[in-house]
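Let me begin by presenting the structure, written as structure tokens, before commenting on it.
The values are calculated or read from the model by the stated rules, or taken from the named source; none is laboratory data. Please read all numbers here as calculations on a predicted model, not as lab measurements. Cβ coordinates were reconstructed from backbone atoms using ideal geometry, including for glycine residues, and neighbour counts include every protein chain displayed.
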Amino acid sequence: MRIKKYVGYTTHEAMNKLKKELGSEAVILSTRTIKQKGLLGFFKKPMVEITAAYENSRSNKGDLYDERLNRISYELNVLKDMVQKISSEVKDNGSKLPEQLEKYKHKLIENGVDYSIANSIFKRLNEQVNFEDKDNIKIKTILRETLLEYVGLAEPLNTDDLNQKLVFFIGPTGVGKTTTLAKIAGKLVMEGKYNIGLITSDTYRIAAIEQLRVYSDILQLPLKIIYNEEDMYKALVNLNDKDIILVDTAGRNHKEIQEGDEIFKAMNSIKNKEVFLVLSCTTEYKILQSIIKQYNFIPDYKIIFTKVDECENLGNILNVKMLTNKPLSYITTGQNVPDDIELINREKIVNSLLGEI
Ligand SMILES: Nc1nc2c(ncn2[C@@H]2O[C@H](COP(=O)(O)OP(=O)(O)OP(=O)(O)O)[C@@H](O)[C@H]2O)c(=O)[nH]1
Ligand SMILES: [Mg+2]
């Protein structure tokens, strides 16, 4: 048996390093947060240190095998997409778009907009508007206005009814739920107008609680840990003087989530609430589709896109808006708490999607 330590800005990062090297067979002995040294400690990220034990003779054949299988299934998916694209291109040939529109459509697809979404937007537009007598500037203006409408106005956290409002952050593993919650908490604290509390239901890993506790210490906000639905009601009593309570949830493999999960039962029973579905902009659209399908049972939510700084393009933002028709809310653009978050700016998104032609 050997012992090794892994350090990261979050448990997720440290766990990723650990899993990469040791696979899933390693045993976790302890997890702790270590504060970074330095004068500017206020918003400096704490580090998480995981100590793990592993068998010296561990074979990583299984990992290699899994990796190859993943690679093959990814390539099969790419092939499947190509075939679908070609077959719908053949089908669409009857209704050809004017050349200039065709160029913009390809630009959008190049910028990550799903082929069938781009197709339906342009097909509809071409059916409704006569483009024959329009020059390029006019075409671009029409297109810009159309796309702005599709993206819709961004909706921030609604601070109208602040009678102990609960704000839930849900979504897949590692997308940045806790970091985004901390960013929003930080911004609200800086505004100085609200009385804020924090709840975490991420009790799967001790380090997940620690991660939020560090932020609650820095921001001097009370943190309640809930293990089940009943704890939620206890926390409500304990935090009954708060205007806004931000609730962190455990990242879950989207294939495993169910409407009957404890956290969703608790969430559904709260009247004054807002739900943010946190998605990473870097996730492949195919996977985003399947994640969104799994969360279908939640009637109202707003969408936050994280890791926009790591994203090649913004196509997924339009894709998800078209798929869900839910309000888009914030994007996050880096790891800095609380700075790297902003309200979605639809002009910026549409400009980036259309690019320069
Ligand atoms: N580049 C970049 N990294 C981000 C952003 N937001 C979060 N991260 C990083 O993503 C990693 C995971 O962040 P967490 O906030 O722990 O994610 P989570 O969704 O709470 O993870 P789980 O609770 O494990 O499901 C951390 O390393 C964050 O610093 C972002 O906007 N850009
Ligand atoms: Mg988390």
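Given the residues Leu288, Leu318, which is the only one that is in contact with a helix residue (DSSP H, G or I) (Cβ under 8 Å, 6 or more places away or on another chain), away from ligand 1 (no atom under 16 Å from the Cβ) and farther than 20 Å from Leu166 by Cα? Explain how you work it out, then say what you get.
Details: Leu288 fails: away from ligand 1 (no atom under 16 Å from the Cβ).
One residue alone meets the criteria, Leu318.
If you scan region 151-165, which residues turn out to be touching a helix residue (DSSP H, G or I) at 6+ places or on another chain (Cβ under 8 Å), surrounded by 14 or more Cβ atoms within 10 Å (Cβ to Cβ) and closer than 22 Å to Val350 by Cα?
Pass one, region 151-165, residues touching a helix residue (DSSP H, G or I) at 6+ places or on another chain (Cβ under 8 Å): 151-154, 157, 164.
Within this subset, residues satisfying the condition of being surrounded by 14 or more Cβ atoms within 10 Å (Cβ to Cβ) are 151-152, 154, 157, 164.
Val151, Gly152, Ala154 - these are the residues of region 151-165 that are touching a helix residue (DSSP H, G or I) at 6+ places or on another chain (Cβ under 8 Å), surrounded by 14 or more Cβ atoms within 10 Å (Cβ to Cβ) and closer than 22 Å to Val350 by Cα.
Here are some residues: Asn296, Asn253, Asn272, Asn268. Which one is touching a strand residue (DSSP E or B) at 6+ places or on another chain (Cβ under 9 Å) and among the polar types (S, T, N, Q)? Reasoning before the result, please.
On the way: Asn296 fails: touching a strand residue (DSSP E or B) at 6+ places or on another chain (Cβ under 9 Å); Asn253 fails: touching a strand residue (DSSP E or B) at 6+ places or on another chain (Cβ under 9 Å); Asn268 fails: touching a strand residue (DSSP E or B) at 6+ places or on another chain (Cβ under 9 Å).
Step by step, each of Asn296, Asn253, Asn272, Asn268 is checked, and only Asn272 is touching a strand residue (DSSP E or B) at 6+ places or on another chain (Cβ under 9 Å) and among the polar types (S, T, N, Q).
Starting from residues that are within 16 Å of ligand 1 (Cβ to nearest atom) and crowded, with 20+ Cβ neighbours inside 10 Å, keep the ones in region 321-337 and report whichever is nearest to Ile142 (Cα to Cα). Outline the logic, then answer.
Taking region 321-337 first, the residues within 16 Å of ligand 1 (Cβ to nearest atom) are 328-337.
Going one step further and asking which of them are crowded, with 20+ Cβ neighbours inside 10 Å, we end up with 328-332, 337.
Working: Leu328: 22, Ser329: 25, Tyr330: 26, Ile331: 26, Thr332: 29, Val337: 38 Å.
Within region 321-337, the match that is nearest to Ile142 (Cα to Cα) is Leu328.
So, Asn272, is that one more than 16 Å from ligand 2 (Cβ to nearest atom), touching a residue at least 60 places away in the same chain (Cβ under 8 Å), out of contact with any Gly (no Cβ under 7 Å at 6 or more places or on another chain) and polar (S, T, N, Q) or not? Give the steps one after another, and end with the answer.
Numbers: more than 16 Å from ligand 2 (Cβ to nearest atom): yes; touching a residue at least 60 places away in the same chain (Cβ under 8 Å): yes; out of contact with any Gly (no Cβ under 7 Å at 6 or more places or on another chain): yes; polar (S, T, N, Q): yes.
Criteria met by Asn272.
Sort out which residues of region 210-221 are more than 10 Å from ligand 2 (Cβ to nearest atom) and assigned to a helix (DSSP H, G or I), and write them in order of number. Full working, then the answer.
Taking region 210-221 and keeping what is more than 10 Å from ligand 2 (Cβ to nearest atom), we get 210, 213-221.
If the condition is that a residue be more than 10 Å from ligand 2 (Cβ to nearest atom) and assigned to a helix (DSSP H, G or I), then Glu210, Arg213, Val214, Tyr215, Ser216, Asp217, Ile218, Leu219 are the ones that fit.
Taking region 154-199 only, how many residues are in contact with a strand residue (DSSP E or B) (Cβ under 7 Å, 6 or more places away or on another chain) and either assigned to a loop (DSSP other than H, G, I, E, B) or at pLDDT below 95 (or both)?
Total satisfying the criteria: 11.
State yes or no: is Ile317 assigned to a helix (DSSP H, G or I) and at pLDDT 95 or above? Explain how you work it out, then say what you get.
Values: assigned to a helix (DSSP H, G or I): yes; at pLDDT 95 or above: yes.
It is true that Ile317 is assigned to a helix (DSSP H, G or I) and at pLDDT 95 or above.
Can you tell me which residue among Lys265, Lys302, Lys255 is under 18 Å from the mean Cα position of the chain (by Cα), among the basic types (Lys, Arg), farther than 20 Å from Ala154 by Cα and away from ligand 1 (no atom under 13 Å from the Cβ)?
Values: Lys265 fails: under 18 Å from the mean Cα position of the chain (by Cα); Lys302 fails: farther than 20 Å from Ala154 by Cα.
After ruling out the rest, the residue left standing is Lys255.
For residues that are closer than 27 Å to Val7 by Cα and surrounded by fewer than 16 Cβ atoms within 10 Å (Cβ to Cβ), tally how many sit in region 189-209. Walk me through how you get there before you give the answer.
Step one: filter region 189-209 for residues closer than 27 Å to Val7 by Cα, giving 198-209.
Narrowing the set further to residues that are surrounded by fewer than 16 Cβ atoms within 10 Å (Cβ to Cβ) leaves 203-204, 206.
The total comes to 3.
Considering each of Ile304, Ile298, Ile292 in turn, give the residue that is surrounded by 20 or more Cβ atoms within 10 Å (Cβ to Cβ) and either polar (S, T, N, Q) or touching a residue at least 24 places away in the same chain (Cβ under 8 Å) (or both).
Values: Ile298 fails: surrounded by 20 or more Cβ atoms within 10 Å (Cβ to Cβ); Ile292 fails: surrounded by 20 or more Cβ atoms within 10 Å (Cβ to Cβ).
Result: Ile304 is the single residue among Ile304, Ile298, Ile292 that is surrounded by 20 or more Cβ atoms within 10 Å (Cβ to Cβ) and either polar (S, T, N, Q) or touching a residue at least 24 places away in the same chain (Cβ under 8 Å) (or both).
Say we look at region 40-82 and pick out the residues that are basic (Lys, Arg) and either surrounded by fewer than 12 Cβ atoms within 10 Å (Cβ to Cβ) or under 25 Å from the mean Cα position of the chain (by Cα) (or both); which of these is modelled with the lowest pLDDT? First the steps, then the outcome.
Taking region 40-82 as the starting set, the residues that turn out to be basic (Lys, Arg) are 44-45, 58, 61, 68, 71, 80.
Remaining after also requiring either surrounded by fewer than 12 Cβ atoms within 10 Å (Cβ to Cβ) or under 25 Å from the mean Cα position of the chain (by Cα) (or both): 44-45, 61, 68, 71, 80.
Working: Lys44: 68, Lys45: 71, Lys61: 63, Arg68: 84, Arg71: 84, Lys80: 86.
Among those that are basic (Lys, Arg) and either surrounded by fewer than 12 Cβ atoms within 10 Å (Cβ to Cβ) or under 25 Å from the mean Cα position of the chain (by Cα) (or both), it is Lys61.
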